[in-house]
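In what follows, a single structure is set out as structure tokens and then discussed.
The values are calculated or read from the model by the stated rules, or taken from the named source; none is laboratory data. Note that the structure is a prediction, hence the values are computed from the model and not measured. Please note: Cβ atoms are built from the backbone with ideal geometry, for glycine as well, and neighbour counts cover all protein chains shown.
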Amino acid sequence: MHKIRNVITILMIIVLTISSTPNNVWAGCKSDCSDEYDSAIESCKSQYDEPDDADTLMSCIDDAKDEYESCIEECHN
């Protein structure tokens, strides 16, 4: 009886570990994407900080957004 209880406990731990792992990996991936996006936005702002650079700044931000969306999509795969 004691052995059966130990086996059940071990199996429950294994199932819980396996079921939570994909969520943790996805959350880490999403966090990495977010960090890269934030860094890219800051880079855009520092490179194109003059009023004449407004169009280039918007293009840089759009590119960063596209990269972020691609990164998030890769996290799902």
(message) I need the full set of residues from segment 19-47 which are modelled with pLDDT under 95 and of a type in the set (F, W, Y), in order please.
(response) W26
(request) Keeping to segment 59-77, report how many residues are under 13 Å from the mean Cα position of the chain (by Cα) and surrounded by 14 or more Cβ atoms within 10 Å (Cβ to Cβ). (result) 5
(request) Show the residue pairs that are 6+ apart or on different chains and have beta-carbon atoms under 7 Å apart, the first residue being within segment 21-43 and surrounded by 13 or more Cβ atoms within 10 Å (Cβ to Cβ) and among the hydroxyl-bearing types (S, T, Y), the second being part of a helix (DSSP H, G or I) and modelled with pLDDT of 95 or more. (result) Y37/A64; Y37/Y68
(request) Please tell me if A64 is assigned to a helix (DSSP H, G or I), of a type in the set (A, V, I, L, M, F, W, C), modelled with pLDDT of 90 or more and touching an Asp or Glu at 6+ places or on another chain (Cβ under 7 Å). (result) no
